[in-house]
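One structure is given here, and the rest of the page talks about it.
The values are calculated or read from the model by the stated rules, or taken from the named source; none is laboratory data. All values derive from a computational prediction rather than experimental measurement. Cβ placement follows ideal geometry from the backbone for every residue including glycine, while neighbour counts extend to all protein chains displayed.
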Amino acid sequence: MNKLNPKKLVVAFVAATIFATGAYLIAADHADAPAVTGKTSDITDVYAFQSPTNSSNMVFVVNIQGLLAPSATAAAKFDPETMVEINIDNSTTKDNIEDLVIQTTFENGKVQVYGPSKPIQTGLKSTLINAATKVEGAITAYSATSPSIAELNGMKVFAGPRDDPFFFDLTQYKKVIAGTASSFNNPGADTFAGTNVMSIVVELPKTLLGTGTINIWATSNRKM
C-alpha cells in the first residue's frame, strides 16, 4: 500500500455539517500556499452539502488546480502521484481527528474513490485503504458534452474540469485590506469568472457517515 505525504490542508470555514437541515460548509484558498501554488495538488475549494435531489445523501466536492484559463483546461490532468483525501470527524467530542476517510486516486484516465472507511493511519501521513472498496470511472474530458458519472453501492463519483464556482472580489478585498474601502460592493466583480478548476465530486448515503454532525477537511497527498 502507498503511503503519502500531505502538501496542502484546507479546513472549512464552518466545521459542522448538519444533516437534518442540509446546512453546508465552504472553504476557498486559491494559490495561497507557496509549496503547491501552481501545482496539480493545489486545493482551491472544499464543499459539503445535502444532495438537492436526494435528502438522504450528502455531496462532497474538492476542487484543485484553480485559475485554469479555458485555453489551458483541455490539457489539465489529475496527477497520478497525488491522492486527494476527504477527512471526516464524526466523533461526539469533535476532536478533529479523522474517523473516516474518502480517498481519491487517478490512473490511466480514470478516477478511483475508496471509502468512506476507517483510516489505516491518522494525521499528516495517509495510507491507501482497502482497494476492494473502490468506485472507478472515467475522468470527464473538457470537450465532453455530458459528464461521466460512476456509480456503485449508492455512491456516485465525478472527476473532471468545471467552471470555478467560487465567487470572490479580489480587487475590492485588497482595497478593504489597504483601508481605501470600508466594505464590499453589491454586486461585486467575480475575480474567478472565466476560470476553471479540476473537480472531484462524491455523493453518498448519509448512513455511511455516522449520525449527528461531522467535521470535514481535505488534503492532497503525494507518494513518498
Open item on the list: Restricting to the range 48-88, and then to whatever is outside any loop (DSSP other than H, G, I, E, B) and free of Cβ contacts under 8 Å to residues at least 24 places away in the same chain, can you tell me which residue is surrounded by the most Cβ atoms within 10 Å (Cβ to Cβ)?
Closed with: ALA72
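Is it fair to say THR207 is out of contact with any helix residue (DSSP H, G or I) (no Cβ under 9 Å at 6 or more places or on another chain), outside any strand (DSSP E or B) and in contact (Cβ under 8 Å) with a residue 24 or more places away in the chain? Step through it out loud before you land on a result.
Details: out of contact with any helix residue (DSSP H, G or I) (no Cβ under 9 Å at 6 or more places or on another chain): yes; outside any strand (DSSP E or B): yes; in contact (Cβ under 8 Å) with a residue 24 or more places away in the chain: yes.
When the stated conditions are applied, THR207 passes them.
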Open item on the list: Being among the β-branched types (Val, Ile, Thr) and either without any contact (Cβ under 8 Å) to a residue 24 or more places away in the chain or over 30 Å from LEU208 (Cα atoms) (or both) is the filter here; which residues of the range 126-178 pass it?
Closed with: THR133, VAL135, THR140, THR145, ILE149, THR171, VAL176, ILE177
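Could you please let me know if GLU98 is assigned to a loop (DSSP other than H, G, I, E, B) and either at pLDDT 95 or above or surrounded by fewer than 15 Cβ atoms within 10 Å (Cβ to Cβ) (or both)?
Numbers: assigned to a loop (DSSP other than H, G, I, E, B): yes; either at pLDDT 95 or above or surrounded by fewer than 15 Cβ atoms within 10 Å (Cβ to Cβ) (or both): yes.
When the stated conditions are applied, GLU98 passes them.
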- [ ] Could you tell me whether the range 168-176 includes any residue that is buried (at least 16 other Cβ atoms within 10 Å of the Cβ), touching an Asp or Glu at 6+ places or on another chain (Cβ under 6 Å) and within 20 Å of VAL62 (Cα to Cα)?
- [x] no
